[in-house]
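Shown next, in structure tokens, is the structure this report addresses.
The values are calculated or read from the model by the stated rules, or taken from the named source; none is laboratory data. Just so it is clear, the structure is predicted and the values come from calculations on it, not from any experiment. Cβ: placed from backbone, ideal geometry, glycine included. Neighbour counts: every protein chain shown. Calculation scope for accessible area: heavy atoms of the full protein, side chains included, ligands and nucleic acids excluded. Shrake-Rupley method; radii C 1.70, N 1.55, O 1.52, S 1.80 Å.
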Amino acid sequence: MGTFFLLRHLSVSVFIFVLRLAQNARGASENAAVQGTVSINGSSAIGRIDGDFVCATMDWWPPEKCDYGTCSWDRASLLNLDLSNIILLNAIKAFSPLKIRLGGTLQDKVIYATEGSQQLCPSFIKNSSELFGFSQGCLPMSRWDQLNDFFMKAKVRVIFGLNALNGRIPMSDGSMGGPWNYSNAASLIRYTVNKGYSIYGWELGNELSGSGVGTKIGAAQYAADMVSLRSIVQKIYEDVEVKPLLLAPGGFFDASWFQELIDKSAPNALDAVTHHIYNLGPGVDEHLIEKILDPNYLDGEANTFRNLQNILTSSKTPVTAWVGEAGGAYNSGRNHVTNAFVFSFWYLDQMGMSATYDTKTYCRQSLIGGNYGLLNTSTFVPNPDYYSALLWHRLMGRKVLSAKFSGTNKTRAYAHCAKVSDGITLLLINLDGKKTIHVDDVATHSAFNLRVKHHRHMHSRKKHFKVGGHIQKSSGSGIREEYHLEAQDGNIQSQTMLLNGNILAPTPDGEMPPLVPIKVNSSEAIVVAPFSIVFAHIPDINLPACRS
């Protein structure tokens with residue numbers, strides 16, 4: 001049997017769009033096809049992401065930061081990154097805007113050398129006896145000025161992570177006690193406002209929630225500190241029209257801890273709750289690729305998204321959920337895995353999954369630095385995930401649709417209303433290295449706002465089908481746009497990505513390459529090759545969820 005589409009009109013309020021798929025072994029006959037379906041509920045959106053959902057991080061780690069004998073950060077720190085690099089500037093400007101979260105492990109040991117400060121401004125020095133393995137560091141205001149000048153040119157929406165450990169007392173259980181001393185942070189916020197710098201959000205602390213990483217802070221104290229932060233921000237921003245968001249805790253999800261933070265920071269001390277994701281384990285793990293290609297392993301992270309969504313829903317709070325930092329594999333990732341094509345399977349699946357649970361923003365660790373940067377740490381040339389992020393940013397709209405695939409769990413499917421045009425964008429991820437997926441497109445019947453498509457080999461003969469009690473005419477005259485992503489030479493550990501068969505790389509003058517789709521008649525199948533990813537923009541699917 002050939003592949004076909006069928007749409008079933010279940011009721012007035014439920015709109016289900018069913019795509020029938022065939023998955024064939026490479027070189028196998030059509031008779032060996034395995035049937036499967038993707039069902040898209042078009043009656044209403046299940047989530048709504050920010051228009052600038054894609055976010056990246058910039059970190060404080062100095063060149064001396066090493067993991068497992070490898071030092072992968074070079075000069076990617078906020079303190080020493082070459083802000084004059086044209087590829088860096090153009091890579092960020094391509095998003096217009098890109099959210100960038102400034103922070104990481106060492107942020108809680110940073111002192112801000114604001115005007116009038118009597119403190120010295122030392123650099124981070126490696127010291128294994130110190131918390132996090134480094135001494136206290138410092139942000140000179142001259143560097144803060146340079147960063148803000150760059151962010152303005154690059155059209156960045158800045159989220160800054162404040163030093164939440166300032167003034168606290170070490171406790172016998174390994175936690176840090178006492179209230180946050182916010183005087184230094186307040187001086188930075190005041191300096192920033194006086195300079196007219198635009199900050200999208202201020203975030204308090206890094207990985208101090210729950211059991212913490214290195215140390216921890218109790219949820220009740222954290223909530224009290226957020227109330228203090230809200231107070232000083234309201235005072236300093238009193239005459240500023242656009243107020244920044246306040247975010248916390250920038251740590252790993254712990255249900256009871258997060259619940260207490262939300263309850264005790266109510267009603268308005270917190271705008272977004274941020275959590276971190278490193279669900280693949282340490283970068284030294286030899287089985288990272290196996291985990292990335294294992295759909296059951298990927299599905300495990302849904303529990304975090306679901307549990308946090310349930311807390312926010314049951315709390316009846318306006319606080320939203322963000323992924324504030326996600327590098328997949330902790331301790332700087334793994335070379336030729338977290339900076340290679342194979343990582344786009346994990347990355348895009350993570351973004352797709354998080355969006356279905358109403359996550360508003362997803363910040364990738366990192367923009368540059370370590371072995372998981374969107375940009376190469378030394379050359380600034382984009383790694384494959386950069387292009388995956390940029391395509392998501394341009395194609396996946398704010399409204400998230402329920403998309404469910406059945407037939408094989410090696411196929412991952414996500415759907416959103418299209419971002420700046422009609423129709424939907426379908427994201428298909430093929431984790432199978434041997435099988436090709438064939439997906440037929442759809443045609444329109446405007447009288448009932450339904451879609452029906454006949455067998456793809458029957459386009460020369462006009463057919464009628466009975467769907468939901470109505471007679472529909474088939475149509476195959478539409479055009480869709482497809483973006484096929486594959487690894488160079490089929491090597492999923494390659495750091496070179498192909499778009500529709502063409503290598504993606506900056507131009508000689510440092511511009512980002514155009515991301516040009518192929519245009520396909522809707523009568524043709526969408527073909528998802530083994531170990532590949534496809535974004536398909538289908539403009540002639542006019543679902544109720546996308547019209548409201």
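Okay, helix-only estimate at 222 nm for the chain: each DSSP H run of n ≥ 4 adds -39500 (n - 2.57), divide by all residues, round to 500 deg cm²/dmol; what do you get? Each step should come with its number before you reach the end.
Numbers: 11 runs with 117 residues, N = 548.
Taken over the chain, the calculation gives -6500 deg cm²/dmol.
How big is the antiparallel share of DSSP beta bridges in the chain, given as a percent to the nearest 5? Spell out each step's value before the answer.
Values: 72 of 112 bridges.
Here the antiparallel bridges make up roughly 65 percent for the chain.
Average projected area of the Cα convex hull of region 255-368, in nm²?
On the way: hull surface 29.3 nm².
Across all orientations, region 255-368 yields a mean hull projection of 7.3 nm².
Charges on Cβ only, +1 for Lys and Arg, -1 for Asp and Glu, centred on the Cα centroid of the chain; of LEU427, ASN491, HIS275, which one is farthest towards the dipole's positive end?
Value: LEU427.
Please arrange ARG480, ARG394, ARG412 by accessible surface area, largest first, computed with a 1.4 Å probe and ligands excluded. Walk me through the numbers before you get to the answer.
Values: ARG480 0, ARG394 105, ARG412 20 Å².
In descending accessible area the options line up as ARG394, ARG412, ARG480.
Ignoring ligands, DNA and RNA, what accessible area per residue does region 138-289 give at 1.4 Å, in Å²?
Working: 6090 Å² over 152 residues.
Spelled out: the 1.4 Å probe surface of region 138-289, per residue, equals 40 Å².
Taking Cα centroids, how far is region 99-141 from region 192-243 in Å?
17 Å
Loop sites only, by DSSP: take the GluC sites (Glu not before Pro) in the chain that have at most 11 other C-beta atoms within 10 Å and name the longest stretch containing none of them. All intermediate terms of the calculation are to be shown ahead of the outcome.
Details: sites that count: GLU115, GLU238, GLU241, GLU286.
The longest uninterrupted stretch comes out as 287-548.
Once you list every other residue whose beta carbon is under 14 Å from the beta carbon of ASN80, what net charge do they have if Lys and Arg are +1 and Asp and Glu are -1? Could the numbers behind the result be given before it?
Working: positive: LYS65, ARG75, ARG143; negative: ASP59, GLU64, ASP74, ASP82.
Once positives and negatives cancel, what remains is -1.
Run through all the Cα pairs of region 57-200 and give the fraction in each 5 Å bin from 0, expressed as whole percent.
Bin by bin from 0 Å, the calculated values are 2, 9, 16, 22, 19, 15, 10, 5, 2, 0.
Of the listed peptides 539-548, 370-379, what is their order by residue-averaged count of other C-beta atoms within 10 Å, with the highest listed first?
Values: 539-548: 17.6, 370-379: 22.1.
The packing order, highest mean first, is 370-379, 539-548.
Name the chymotrypsin sites (Phe, Trp or Tyr not before Pro) in region 61-102 that are in a loop by DSSP and that have at most 15 other C-beta atoms within 10 Å, would you? Don't skip to the answer; put the middle values down first.
Values: sites: TYR68, TRP73, PHE95; in loops: TYR68, TRP73, PHE95.
The qualifying sites are TYR68.
Would you mind checking which residues have amide H under 5 Å from LEU98's amide H? H placed 1.01 Å from N; only 5 or more apart, or other chain.
ARG157
If contacts are Cα pairs under 8 angstrom and at least 6 residues apart, what is the relative contact order of region 140-271 in percent?
Details: 180 pairs, mean separation 33.8, N = 132.
Once divided by the residue count of region 140-271, the mean separation gives 26 percent.
Would you tally the net charge around SER209, using a Cβ to Cβ cut-off of less than 11 Å, leaving SER209 out, and scoring K and R as +1, D and E as -1?
Details: positive: LYS216; negative: GLU207, ASP254, GLU260.
Counting the neighbours of SER209, the net charge comes to -2.
Percent of Cα-Cα pairs more than 31 Å apart in the chain, please.
48 percent
How about region 38-103: which trypsin sites (Lys or Arg not before Pro) there lie in a loop by DSSP and see at most 15 other Cβ atoms within 10 Å?
Details: sites: ARG48, LYS65, ARG75, LYS93, LYS99, ARG101; in loops: LYS65, ARG75.
Passing sites in region 38-103 are ARG75.
Using the alpha-carbon atoms, what tilt in degrees (0 to 90, nearest 10) does helix 141-154 show relative to the longest principal axis of the chain?
Tilt relative to the chain: about 20 degrees.
May I ask for the distance between the Cα centers of region 376-409 and region 477-542, given as a whole number of Å?
12 Å
Can you tell me the dipole magnitude for the chain around its Cα centre, using point charges on the Cβ only (Lys, Arg +1; Asp, Glu -1), in Debye to the nearest 20? Numbers along the way, then the final one.
Working: 49 positive and 46 negative charges, 420 e Å.
It comes to approximately 2020 debye.
Output the 0 to 90 degree angle, nearest 10, between the alpha-carbon long axis of helix 343-356 and the longest principal axis computed from the alpha carbons of the chain.
Here the helix axis deviates by roughly 90 degrees.
Work out from phi, with θ = phi - 60° and the Karplus expression 6.51 cos²θ - 1.76 cosθ + 1.60, the ³J(HN,Hα) of each residue of region 479-490, listed in order in whole Hz, and give x for Gly and Pro.
Once rounded to whole Hz, the list reads 10, 10, 10, 10, 10, 9, 10, 9, 7, 4, 6, x.
So what is the relative contact order of the chain, in percent, for Cα pairs below 8 Å that sit 6 or more residues apart?
Numbers: 1285 pairs, mean separation 100.5, N = 548.
That works out to 18 percent.
Write down the Kirkwood hydrodynamic radius of region 64-105, to one decimal in angstroms, obtained as one divided by the mean of 1/r over all alpha carbon pairs.
12.3 Å is the Kirkwood radius here.
What is the sum of charges around ASN310, taking Lys and Arg as +1, Asp and Glu as -1, for the other residues whose C-beta is under 13 Å from the C-beta of ASN310? Mind dumping the intermediate values first?
Details: positive: ARG306, LYS316; negative: ASP358.
Result for the neighbourhood of ASN310: +1.
Which ³J(HN,Hα) values in Hz, rounded to whole numbers, follow from the phi angles of region 395-403 under the Karplus curve 6.51 cos²θ - 1.76 cosθ + 1.60, where θ = phi - 60° and Gly and Pro get x?
10, 8, x, 6, 8, 9, 9, 6, 10
Tell me, what % of the accessible area of region 101-167 is carbon and sulfur with a 1.4 angstrom probe?
Working: 1400 of 2860 Å².
For region 101-167, the apolar C and S fraction of the accessible surface comes to 49 percent.
Return one number: the angle in degrees, 0 to 90 and rounded to the nearest 10, between the long axis of the Cα atoms of helix 183-195 and the longest principal axis of the Cα atoms of the chain.
Helix 183-195 sits roughly 70 degrees off the main axis of the chain.
Could you give each residue of region 309-324 its phi-based ³J(HN,Hα) in whole Hz, using Karplus coefficients 6.51, -1.76, 1.60 with θ = phi - 60°, and x for Gly or Pro?
Result, ordered by residue: 4, 5, 4, 5, 5, 5, 7, 6, 9, x, 4, 10, 9, 10, 8, x Hz.
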